[in-house]
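Comments concern the structure below.
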Amino acid sequence: MKKNTMKIILVLFLLSINGVFAQEMLQEISLKEQIDNSTLVVEGEVVSKTSFWDNNLIYTANTVQVYKVFKGDPVSTIDVITLGGTVGLEAMMASSSLKLKTGNVGVFLLINSAVTNKSTNKVFKPYSAVQGFYKYNLFDDRAVNPFNQKQGISSGFYKEIMAITQKGYDEISAYNVSEISKGMQVKKSAVAPGITSFSPTTATAGTKTVVTIIGTGFGATKGKVGFYDANEGGGAYIDALDSQVTWSDTQILVEVPSDAGTGKIRVKDALLNSVVSTGILSVPFAEFNVEYNPGTGLKAYPTQFYDQFGGGYQWRMYTDFFNDNEHPGARAAFERAFETWRCTTKVNWTIRSTADVTNMTEKDSKNIIRFDDGSELAAGVLGTCVSYWNARSCNGTFEWYVGELDIVFDDGANWNFGPGATTGGKMDFETVALHELGHGQQLGHVIDTNALMNYNISPNEDVRTISPNDVDGGNDVVDRSVNTSVCDILDPMTLYAGTCSLGLEDEILKNGVNMYPNPSRGIIYITNELNLNLTKASVFDMSGRLISKINLLGTSKTSAINLQGLAKGMYLVTIQSDTAFTTKKLVLE
């Protein structure tokens, strides 16, 4: 992308950081459509969560204490069933599924759920998946879902709901949003703790990166540290786990949680007094974590790949997708997106050469690619990637790895399968596939209009490249996966070693960067004749094992690399810029 375009996008992002964001591969479902199609519309708070298996899928029953009923029969307590959760040493997450946390308060737009648990509560599921919950940001008197921020909960949002239902609400339990919000405003201005500074000002999420917050009046008792919620575009906050926070009266150390996005940091003390930073924390990429209670409180664990099949993972296309007869062009568009990821990060993914008859998204040790059955995906969901994780206990900790990946696309969407530009109000299939495969790379959402994983997709929009930050995140997961076995039991993933068709930027890098001498006795030189923005060089043996990684940021036209001490033989050297990569063979004598 050209520099002036990048600058324009950055300016638009900075201007909109407190505005409305869309995220995930979604089409907006209006509040009216949500209410009209819902069986039950309530204001409530998540008071507990329990995950369970049902038909080889993990679900979570989120028990909600109901405060108000805007539509449907009065009820005091319900269970909202969401797809995904953790049961023992197994976990699952669907990228489009609503993720709720204990203490979340807001308005739920619900339909009856066919999946039930052992609770005696009535069970429902969100209408329109992640869009079916407007989460309250009580500190700013705002209700937020991925597409909308409703300012003034009681003064505006309630009225908007009642204008659609054409009736008032039933109050089930006392909960005065206006008083709570006003009380928090007083606490913020009068007796709040103070933030003097925090560092670093750029940090990645879900990578155990620690931010140090310096200030006054935090108190001796641990409170909460909140970050902009990337799944809501920053309209609400996501709190770090207690296990991720070290607290004192003047200093807080906090790991940036997986769902954190670029924005301000909020500190809330044990008495619920709060302060929000004036500075912005930049979060360039986010990685998935599994939240698991090992018996000492909930903790967050990074995930990784392993050698599941042939050094990595083999994907399988369901028969109709493989034969390309249901939606001609879908297979080629998916394969373009697939190659973009594996040729950029070298994630070891392949596609089986024959069709598979599996048409279910469930834990079955098959990595399936398919369209839904016409009604399987929730309203507004264009695609979803399901990650299944397993863990092993070793060396006093738990190591979580990807056990299976499945991707499902909306059968009924108005798709453009390309490769031409998207027009006529269609949605670009390659763009959606690229984003969902990013989730398969174990990347979460970010708040960055220039990043694939933020993703503000609209009709007629094509985004078929991976931004530098997305690449860095994918590379980080791959580097961890090829360098680390799982508990010294499961072999590490090896790098993808197949052929890749190069794009224009890759060709420029290939022709503009040279490496000599070759063969070499251990010292090699990389020349950058076109002054490209090189980022790193990685050296691999012929089995795909990472041997060395060299930082090339800010280097001159010629960089020297010392490989003395390596065994004689052939190696692969991958040289990356911020937009492309090239791989060259090296012989050490």
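The figures follow:
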| item | result |
| --- | --- |
| Strands (runs of 3 or more DSSP E) (entirely within segment 521-580) containing at least 1 residues that are surrounded by 11 or more Cβ atoms within 10 Å (Cβ to Cβ), touching a helix residue (DSSP H, G or I) at 6+ places or on another chain (Cβ under 9 Å) and not assigned by TED's automatic domain parsing to the domain that holds ASP472 | 523-528, 534-541, 546-551, 569-577 |
| Strands (runs of 3 or more DSSP E) completely within segment 324-443 that count 1 or more residues being at pLDDT below 95 and either out of contact with any Asp or Glu (no Cβ under 6 Å at 6 or more places or on another chain) or crowded, with 23+ Cβ neighbours inside 10 Å (or both) | 383-394, 397-409 |
| Residue, surrounded by the most Cβ atoms within 10 Å (Cβ to Cβ), within segment 257-287, restricted to residues that are part of a loop (DSSP other than H, G, I, E, B) and touching a Pro at 6+ places or on another chain (Cβ under 8 Å) | ASP269 |
| Pairs with Cβ under 8 Å, 6+ apart, first in segment 210-221 and within 17 Å of GLY279 (Cβ to Cβ) and without any contact (Cβ under 8 Å) to a residue 40 or more places away in the chain, second of a type in the set (Val, Ile, Thr) and surrounded by fewer than 14 Cβ atoms within 10 Å (Cβ to Cβ) | ILE214/THR196; ILE214/THR250; THR216/THR196; THR216/THR250 |
| Sole residue being surrounded by fewer than 18 Cβ atoms within 10 Å (Cβ to Cβ), in contact with a Ser or Thr (Cβ under 7 Å, 6 or more places away or on another chain) and either in a loop (DSSP other than H, G, I, E, B) or assigned by TED's automatic domain parsing to the domain that holds GLU160 (or both), chosen from SER48, SER97 | SER48 |
| Residue in segment 167-178 that is modelled with pLDDT under 95, buried (at least 20 other Cβ atoms within 10 Å of the Cβ) and not in a loop (DSSP other than H, G, I, E, B) present | yes |
| Condition met for LEU109 (buried (at least 20 other Cβ atoms within 10 Å of the Cβ) and without any contact (Cβ under 8 Å) to a residue 40 or more places away in the chain) | no |
| Inter-residue pairs, beta-carbon under 6 Å, first more than 24 Å from GLN308 (Cα to Cα) and in segment 405-417, second modelled with pLDDT under 95 and assigned to a strand (DSSP E or B), 6+ apart | PHE409/GLY383; ALA413/MET427; TRP415/MET427; ASN416/ASP428 |
| VAL254 part of a strand (DSSP E or B) and in contact (Cβ under 8 Å) with a residue 60 or more places away in the chain | no |
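The values are calculated or read from the model by the stated rules, or taken from the named source; none is laboratory data. Keep in mind it's a predicted model, so treat the numbers as computed, not measured. Please note: Cβ atoms are built from the backbone with ideal geometry, for glycine as well, and neighbour counts cover all protein chains shown.
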